[in-house]
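The values are calculated or read from the model by the stated rules, or taken from the named source; none is laboratory data. The shown structure was predicted, so the numbers you read here are calculated from the model rather than taken from an experiment. Here the Cβ is made from the backbone with ideal geometry for all residues, glycine too, and neighbour counts use every protein chain on show. When the accessible area is computed, the model is the full protein with side chains, heavy atoms only, and any ligands, DNA or RNA have been set aside. Shrake-Rupley method; radii C 1.70, N 1.55, O 1.52, S 1.80 Å.
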Amino acid sequence: MRPPQSDPGDGPHSAAWELLLPAVSAPARTRGRALQAALRDAVRSGRLAPGTRLPSSRDLAADLGVSRGLVTEAYEQLTAEGYLRSGRGAGTWVGDAVRAARPRAGDLAPRTPGSRADFVPGTPDLALFPRSAWAAAQRGVLAGLPHRDLGYPDPRGLPRLRTALAELLARRRGVVADPERIVVVSGVAQATTLLGYALHARGMRSIAVEDPGSPQHDTLYASAGVTAVPVPLDGEGVAPQPLRASGVRAVVTTPAHQFPTGIAYSARRRAELLDWAREVDGLVVEDDYDGDFRYDRAPVGALQGLDPDHVAYTGSVSKSLAPGLRLGWLLVPASWAEDVVERKRTMDLGHPTLDQALFARFLERGDYDRQLRRCQRAYRERRDALVAALHEHFPGSAVSGIAAGLHVIATLPPRHGPEERFLARVTAAGVAVRPLSAYTHRPDEDPGAKEVRLVLGYAHVPPARIAEGVRLMARAAGG
């Protein structure tokens, strides 16, 4: 390409040439489209402002070393689209129809910005994601997936995946798993919303939720027109008398490892909960969010296995693989299946088939079992590291709840209170934590006097950083 014929300082000629240089370096067959795209982008971004006069097609073609016809075609196309304007004998100008510069994509993903230590619960260690095994499964799926499976899927999910999930859940969680009643969903959040719509369709406008419990349930059920009614816990699970007094016919539970208190429902409470569901012809929603991770003994089997006609069971790969996969399952009682499946159909026409086939292969080859064992080893080590660090830097602190999951409840000695002052100090020091009070619907009458009880997540933090984070927290708290 020869250098421009016009003076480099003569304004629009020089500016246009500089903006379009990359485009005219494109292969000959795509050069015209590239030139048009570059001009269009320059106008959208404001680099060529409204009212700017462009070089004549002859001059610009000479400057760029391309044919005049290529430039003329680009001018005509962008004039037809409204980016440019021209008049006989008056030249070509940038039009004034485009007002906004190129939009930039924001990121609304939840983060904990600027923290030196992050103990916010709920996140697994994303570095444990099995990239090599996942990539191998992906190659195998792409090589063998029948063409027909790329069409719209069964809204419940691919039969291959539902069959593999039924085997997994029966073997690991004691679930009564009929593949015909499994619905593949984009995580427990979608399962919750689907159940909310099914409840609403049956005239149920409220559902009980554990208090304290996950705050997401409130908003997810509200989106389906169902109100969440908080019901307190006792040492065995959801308290039966308040549940009966609430008048609801559905309740959300986390019986294997209650979030956030960390208790496991007692056998007596499980039986009482199912008796209640049969009496009111109701539904127990079992959120088995981390049921595979028990460190002191074998995990307690799922509640669903005791009464599959009154329990809807939900789970996902968010804690075992990665929440970004948006992949989970919902196992519904037979009497609820039709309503839930039809709502799933109208919501998204089914989960992506490639993702389903990939996960099915991952299950069938034993890769998922290996991943669960890997996570269990890592998370148990990190829980031990956190407990040890708390005992070292906060002497007299108590860790409650069963040895399971991805978080602990830590009650600090009274000298570290009140909670409000403690949280202010550790936050200022760059340590991200959540108090147990953040998960309750019952505000304390005297928040300044209550003890410091923290919900500390550890799965995403390496052991060395756990020790350092607790040390920072103790220093900030004056311990």
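Candidates are the residues of region 210-222 that are over 19 Å from the mean Cα position of the chain (by Cα) and in contact (Cβ under 8 Å) with a residue 60 or more places away in the chain; the one that is surrounded by the most Cβ atoms within 10 Å (Cβ to Cβ) is Pro212.
Residues of region 147-182 that are among the β-branched types (Val, Ile, Thr) and more than 14 Å from Phe359 (Cβ to Cβ): Val175, Val176. Filter region 123-136 for residues that are more than 17 Å from Pro463 (Cα to Cα) and outside any helix (DSSP H, G or I); which is least open to solvent (accessible area, probe 1.4 Å)? Only one residue fits best here, namely Pro130. A single member of Ala398, Ala360 is open to solvent by 10 Å² or more (accessible area, probe 1.4 Å), at pLDDT 95 or above and of a type in the set (A, V, I, L, M), and it is Ala398.
For region 57-85, filtering for residues that are without any contact (Cβ under 8 Å) to a residue 40 or more places away in the chain and touching a Phe, Trp or Tyr at 6+ places or on another chain (Cβ under 7 Å) leaves 2. Looking only at region 383-400, residues that are under 26 Å from the mean Cα position of the chain (by Cα) and either more than 16 Å from Val120 (Cα to Cα) or polar (S, T, N, Q) (or both) come to 0 in all.
Candidates Leu436, Leu412: the one that is within 26 Å of Gly213 (Cβ to Cβ), open to solvent by less than 40 Å² (accessible area, probe 1.4 Å) and within 26 Å of the chain's Cα centre (by Cα) is Leu436. Among the residues of region 146-162, which ones are closer than 16 Å to Arg365 by Cα and surrounded by fewer than 18 Cβ atoms within 10 Å (Cβ to Cβ)? Correct list: Arg160 only. When region 163-202 is limited to residues that are outside any loop (DSSP other than H, G, I, E, B) and among the acidic types (Asp, Glu), the one that is surrounded by the fewest Cβ atoms within 10 Å (Cβ to Cβ) turns out to be Glu180. Does any residue of region 223-240 turn out to be open to solvent by 10 Å² or more (accessible area, probe 1.4 Å), part of a helix (DSSP H, G or I), without any contact (Cβ under 8 Å) to a residue 60 or more places away in the chain and not hydrophobic (A, V, I, L, M, F, W, C)? Checked region 223-240: at least one residue is open to solvent by 10 Å² or more (accessible area, probe 1.4 Å), part of a helix (DSSP H, G or I), without any contact (Cβ under 8 Å) to a residue 60 or more places away in the chain and not hydrophobic (A, V, I, L, M, F, W, C). Only one entry in Ala191, Ala164 is hydrophobic (A, V, I, L, M, F, W, C), within 30 Å of Gly247 (Cβ to Cβ) and touching a residue at least 12 places away in the same chain (Cβ under 8 Å), namely Ala191. Whenever a residue of region 412-436 is at pLDDT below 95, its partners that are in a helix (DSSP H, G or I) and of a type in the set (Phe, Trp, Tyr), lying with C-beta atoms within less than 9 angstrom and at least six residues away or across chains, give the pairs His416/Phe422.
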